[in-house]
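Q: This structure is in structure tokens; I'll ask about it shortly.
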Amino acid sequence: MNNISTDMRPIGVFDSGVGGLTVLKSLMRSMPGENFLYLGDTARVPYGTKSADTIRSYSAGLASVLLHHDVKMIIIACNTASAHATDLVRDIASPVPVIGMIEPAAAAAIAASKRRNILVMGTQSTIRSACYDRAIHAINPSIAVRGVACQMLVALAEEGADPTWLSGDIAKSIITRYLAPYFTDPAMAPDTIILGCTHFPLLREAIASVVGPDVTLIENGGTIAAIVEPMMGQAVNAAPTISFMVTDAAERFAPLARTFLGRSIPLDAITHIDLNDYAAYSAVQNNEKEKTLCSI
């Protein structure tokens, strides 16, 4: 593999929609000299209520698009896709490195937890997969891990152009409804919460106000950046590029990007793609990989 620190190809980031922009924001802050290519599957969002097979199929297609654009790394900036498709995407992308959301956040939560009691907030599919339970118990089987599906918080985050949806009474009431049952017994109350959906950092202030200052909140963006930055080195790039592609509704993606990414994206800077245009490439790529595997 080329020296990544001198490889000016972009880092590819894909997500089911806009939530992965919170991860991209952390990556851009940590590695300002890198080029990035972000792909949001806005035509098929949300992933959190879909089956594992469907999520794997979607993720394989998105990875193929990024590989077609010659990325040097793929980051699956979606907990649901990471839960079900990380191994598949690694097989497709090899030797291009692939990083998912689960293991880095699990390791960070273990390091932060003092009472060995961790709660995971996520989508229905992420929680149902028990991916965080497995990742945490692979490191420390004695830690108590519970999960709560908080699907309504995804919709709240996407109303973020109005800040009252993120930190007002409605948000706090819904968060309380989700989390209160886990804090009724002080002996069993979690001391660390993984925000296991990339939408949830937008609601961090409201979540913190509900659970109190003694509970540590773990976000995906920071944990991923801490892993990727040492791999990249210090890229020397005076004019880094950030490119955006979506599978539908660029006009909706653009205003949401300001909330999730913290910066405006002009509508003409967002490329709409048709995944069918990449189907032939994906088929050829997979056939070549099968030939390679058969020859080993």
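The values are calculated or read from the model by the stated rules, or taken from the named source; none is laboratory data. Since the model is a prediction, treat every value here as computed from it, not as a measurement. Positions of Cβ are backbone-derived with ideal geometry, glycine not excepted, and every protein chain shown enters the neighbour counts.
For every residue, the table says whether it meets (1) of a type in the set (A, V, I, L, M); (2) exposed (fewer than 14 other Cβ atoms within 10 Å of the Cβ); (3) at pLDDT 95 or above; (4) farther than 23 Å from Ala111 by Cβ.
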| site | (1), (2), (3), (4) |
| --- | --- |
| Ile193 | yes, no, yes, no |
| Cys197 | no, no, yes, no |
| Ser209 | no, no, yes, yes |
| Leu217 | yes, no, yes, no |
| Glu229 | no, no, no, no |
| Ala235 | yes, no, no, yes |
| Pro240 | no, no, no, yes |
| Met245 | yes, no, yes, yes |
| Ile265 | yes, no, no, yes |
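Q: Quick one: which of Ile92, Ile139, Ile110, Ile76 is buried (at least 23 other Cβ atoms within 10 Å of the Cβ) and of a type in the set (Val, Ile, Thr)?
A: Ile76
Q: Return the pairs, sorted by first residue and then second, in which the second residue is surrounded by fewer than 22 Cβ atoms within 10 Å (Cβ to Cβ) and of a type in the set (A, V, I, L, M, F, W, C), the first residue lies in segment 216-228 and is under 13 Å from Ala77 (Cβ atoms), the beta carbons are less than 6 Å apart, and the residues are 6+ apart or on different chains.
A: Once the first residue is under 13 Å from Ala77 (Cβ atoms) and sits in segment 216-228, its partners that are surrounded by fewer than 22 Cβ atoms within 10 Å (Cβ to Cβ) and of a type in the set (A, V, I, L, M, F, W, C) give Thr223/Ala108.
Q: Let me ask something else about it. Restricting to segment 154-206, name every residue that is touching a residue at least 40 places away in the same chain (Cβ under 8 Å), part of a helix (DSSP H, G or I) and either under 16 Å from Gly122 (Cβ atoms) or touching a Gly at 6+ places or on another chain (Cβ under 7 Å) (or both).
A: Val154, Leu156, Ala157, Leu166, Tyr178, Leu179, Tyr182, Phe200, Pro201, Leu202, Leu203
Q: Oh, and also: Scan segment 1-45 for residues that are at pLDDT below 95, within 16 Å of Thr223 (Cβ to Cβ) and among the basic types (Lys, Arg) and report the count.
A: Matching residues across segment 1-45 total 1.
Q: Those residues that are under 20 Å from Cys197 (Cα atoms), surrounded by fewer than 19 Cβ atoms within 10 Å (Cβ to Cβ) and either touching a Lys or Arg at 6+ places or on another chain (Cβ under 6 Å) or among the β-branched types (Val, Ile, Thr) (or both), I need them from segment 142-163; list them, please.
A: Val148
Q: Any residue at all in segment 111-128 that is within 14 Å of the chain's Cα centre (by Cα), farther than 30 Å from Glu251 by Cα and not assigned by TED's automatic domain parsing to the domain that holds Ile242?
A: Taking every residue of segment 111-128 in turn, none turns out to be within 14 Å of the chain's Cα centre (by Cα), farther than 30 Å from Glu251 by Cα and not assigned by TED's automatic domain parsing to the domain that holds Ile242.
Q: Determine which single condition Gly147 fails, assuming it passes every other condition in (1) small (Gly, Ala, Ser); (2) under 20 Å from Pro181 (Cα atoms); (3) assigned by TED's automatic domain parsing to the domain that holds Thr49.
A: Only one criterion in (1) small (Gly, Ala, Ser); (2) under 20 Å from Pro181 (Cα atoms); (3) assigned by TED's automatic domain parsing to the domain that holds Thr49 is unmet by Gly147, namely (3).
Q: Something else: Among (1) within 18 Å of Val246 (Cβ to Cβ); (2) outside the structural domain of Phe260 (by TED's automatic domain parsing), there is one condition Ala107 misses while meeting the rest; what is its number?
A: Just one mismatch for Ala107, condition (1).
Q: Let me ask something else. Would you confirm whether any residue within segment 7-22 is hydroxyl-bearing (Ser, Thr, Tyr), over 14 Å from the mean Cα position of the chain (by Cα) and either farther than 13 Å from Val246 by Cα or surrounded by 24 or more Cβ atoms within 10 Å (Cβ to Cβ) (or both)?
A: no
Q: Condition check: over 22 Å from Gly100 (Cα atoms) and within 17 Å of the chain's Cα centre (by Cα). Does Ala155 satisfy that?
A: yes
Q: Is there a residue in segment 51-64 that is buried (at least 21 other Cβ atoms within 10 Å of the Cβ), assigned to a loop (DSSP other than H, G, I, E, B) and of a type outside the set (S, T, N, Q)?
A: No, segment 51-64 has no match at all.
Q: Considering only residues that are farther than 12 Å from Val120 by Cα, part of a helix (DSSP H, G or I) and of a type in the set (A, V, I, L, M, F, W, C), which ones fall in segment 136-153?
A: Within segment 136-153, Ala138, Ile139, Met152, Leu153 qualify.
Q: Here's a follow-up. For Val98, work out the one condition from (1) buried (at least 24 other Cβ atoms within 10 Å of the Cβ); (2) within 16 Å of the chain's Cα centre (by Cα); (3) among the β-branched types (Val, Ile, Thr); (4) more than 18 Å from Thr54 (Cβ to Cβ) it doesn't fulfil.
A: (1)
Q: Please find, within segment 46-64, the residue that is farthest from the chain's Cα centre (by Cα) out of those that are modelled with pLDDT of 95 or more and among the β-branched types (Val, Ile, Thr).
A: Across segment 46-64, the extreme among qualifying residues is Thr54.
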